[in-house]
Structures are given as C-alpha cells and as structure tokens.
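The values are calculated or read from the model by the stated rules, or taken from the named source; none is laboratory data. Since this is a predicted model, take the numbers as computed values, not measurements. For neighbour counting, all protein chains shown are included, and Cβ atoms are generated from backbone atoms with ideal geometry for every residue, glycine included. These area figures cover heavy atoms from the full protein model, side chains too; ligands, DNA and RNA do not enter into them. Shrake-Rupley method; radii C 1.70, N 1.55, O 1.52, S 1.80 Å.
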Amino acid sequence: MITVREVTEDNLEDTFRVCSRGRLDDPRQMKGMAIKRQWVKDMLRDRGPVSMVAYMDGAPAAYVMYYPEDALPYEPHPRKGVLRVECIYNSSPEAKGKGVGKALLSHLVSEASKGLACMGGECRFIAAEAFNTGEGVSMEDFYVSQGFMRGEGELYLPIHGGYEPKVRVSYEPKDEDRGKAIVFYNRNCEYSYLFALRIEEALGEAAPDLPVTFVDMWERPMD
C-alpha cells in the first residue's frame, strides 16, 4: 500500500532515509543533512510544508521537494503563483517500478490544485527542471509521462493559469570574489554540501594556492 504524507518535524528524518539511504552514518553527509534539517525547520516555520514522503507498506520510499518560486532569495525575478519542484526521488529498491513516484507526484498535483499552505494563494502552474541521477528512467520522460509540457529550459504543468517563461540570469562575480574560487552550495539538499567539499578537494589538487570560499546560495542573491 502506498501512502503520502507532508513532511513536518515529526517525520523529517524520513526524508534522509530516502535521499541519503546507505549514507546516514557518513560524517560528511551528516553535515549536509544538518544544514538541510535546519532549512526544513525554517521553511516549516515561515512557509509551511515544502516536501512530501511516499511510504510503501509503511516504509519511506520516495520524496518530493517543492516550494513557491518567490521563496528563493537567490531568484532575482521570481514568478508569482509558481510552485517549483526541485526534485523527486525514489531510492527504495523494493519500490522500484511500483508506481510510488507517480503516486507522489499525483498527490502533489492534487494538493496544488486545492491550495498548498506554502503557496499562500493560488498556484498558476508547477515548474520543474529535470535532472538525472543515473538511476531508473529519464526524469524528463517521467514528468512528460505525467502530463508536464516542455517550456523554456524547464517542464511545466498548468494548474490555475498559463505558462510564463522564467527570466534567467548569470552570476556576476563581486569585487571580493577576485583571486579566489567561489563554491556555491544549496542548503535545501544534503548532497549539495557534499559536492561542494568534493570540488574543494579537486581544486586543492589542481591549484593548491588558490583560496576557496564556500557560499550558501540563500545568502548570496544573484542580482
């Protein structure tokens, strides 16, 4: 049986049982998990639930993260009424091919049409940028199979309005960035910090004298 629950503080740890399955005791992964754990708590306080977990026979199997685009401090031109799906992931070997991801996305779409607390108003459309982990089917194919359409550099699903393309910008280095490597990470994903550490290590081998600065995307707007 598949059930879907919004993530609150009561079941927050289930998100890591999905996303960090097999890495829960890795010290570097745990650092990323701690950063994300605080982010989820902050979002619950300020916006409401921004993720859901799908359970198969009571065990956490899949996860979806979403939030209103205007919640992102590093998004200089956020679109009002747009729900952004950051990722959807099924890590359970037992749940592969059992329709868990479809049930999770279907539930999110249904709740978005009725009104999600985090939106604070009507959802015009859902936007998603598909990325692939190398596991299972192509994420773009998955979204399209669930009714999403191809937009400009993203996929979208109309809910209560029409599609509006995203205004994209590039990060412009600041004066204080000169002479150093800036490594960005996003606090909403435990893997982002881990990848930042790996980049730092690679830079240390390639350019040992180059200073490296970690930057939390939520603290460095792209304006």
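With each label modelled as a point 7 angstrom along the Cα→C-beta vector, the Ser106-Arg21 pair spans 2.0 nm. Label zone (His77, point 7 Å along Cα-to-C-beta; backbone nitrogen cut-off 19 Å) within the range 142-169: 151-156, 162-169. Considering helices alone, the calculated mean residue ellipticity of the chain at 222 nm is -9500 deg cm²/dmol, with DSSP H runs of length four and up weighted by -39500 (n - 2.57) and normalised per residue. Model label sites at Ser170 and Ser145, defined 7 Å from Cα along the beta-carbon direction, differ in position by 3.6 nm. With protein chains left intact and a 1.4 Å probe, residues in the chain average 50 Å² of accessible area per residue. The overall shape of the range 1-106 is oblate: from the C-alpha gyration tensor, with semi-axes ordered a ≥ b ≥ c, the ratio a/c is 1.5 or greater and a/b is no larger than b/c.
Potential lengthening of the chain between Arg178 and Arg220 amounts to 13.6 nm, from the contour at 0.36 nm per residue minus the alpha-carbon distance.
Once the Cα-Cα distance is subtracted from the 0.36 nm per residue extended length, the Glu152 to Val212 segment shows a gain of 18.3 nm.
The Cα center of the range 35-52 and the Cα center of the range 111-173 differ in position by 20 Å. Each Lys or Arg adds one and each Asp or Glu subtracts one; over the other residues with Cβ under 13 Å from the Cβ of Pro211, this totals -2. Between Ile199, Val40, Asn90, the Cα set farthest toward the positive side of the dipole of the chain (charges on each charged residue's Cβ, about the Cα centre) is that of Asn90.
Only the Cβ atoms of Lys and Arg (+1) and of Asp and Glu (-1) were treated as charged; on that basis the dipole of the range 1-159 about its Cα centre amounts to roughly 100 debye. Heavy-atom accessible area, probed at 1.4 angstrom with all protein chains present, ranks Met33, Met149 as Met149, Met33, highest first.
What shape does the range 29-179 have by the C-alpha gyration tensor, where a ≥ b ≥ c are the square roots of the eigenvalues, rounded means a/c under 1.5, and otherwise prolate means a/b greater than b/c and oblate the rest? All intermediate terms of the calculation are to be shown ahead of the outcome.
Values: a/c = 1.44, a/b = 1.23, b/c = 1.18.
Taking the square roots of the gyration eigenvalues as a ≥ b ≥ c, the range 29-179 is rounded.
If you add up the charges near Tyr163, with Lys and Arg at +1 and Asp and Glu at -1, over every other residue whose beta carbon is less than 12 angstrom from its beta carbon, what do you get? List each step's numbers first, then the result.
Details: positive: Arg79, Arg124, Arg150, Lys166; negative: Glu152, Glu154, Glu164.
Local charge sum for Tyr163: +1.
Please identify the helices of the chain, taking whole runs of DSSP H, that span at least 15 Å along their own axis as judged from the Cα atoms and have a mean Kyte-Doolittle score of -1.0 or higher. Within the chain the helices that satisfy the rule are 100-114, 190-206. Using a probe radius of 1.4 angstrom, the carbon and sulfur fraction of the accessible surface of the chain is 50%. Computed from the C-beta positions of Lys41 and Val137, the FRET efficiency with R₀ = 22 Å rounds to 0.10. Among DSSP beta bridges lying fully in the chain, give the percent that are antiparallel, nearest 5. DSSP beta bridges in the chain are roughly 75 percent antiparallel.
Each peptide in 150-158, 105-113 gets a packing score, the mean of other Cβ atoms within 10 Å over its residues, and the list from highest to lowest is 105-113, 150-158.
Please go through the residue pairs Lys41/Lys180; Lys41/Lys102; Lys36/Lys102; Lys31/Lys102; Lys31/Lys98; Lys41/Lys98 and name each one whose alpha carbons sit more than 29 Å apart in this structure.
Working: Lys41/Lys180 32 Å; Lys41/Lys102 26 Å; Lys36/Lys102 25 Å; Lys31/Lys102 31 Å; Lys31/Lys98 32 Å; Lys41/Lys98 31 Å.
In this structure, Lys41/Lys180; Lys31/Lys102; Lys31/Lys98; Lys41/Lys98 lie more than 29 Å apart at Cα.
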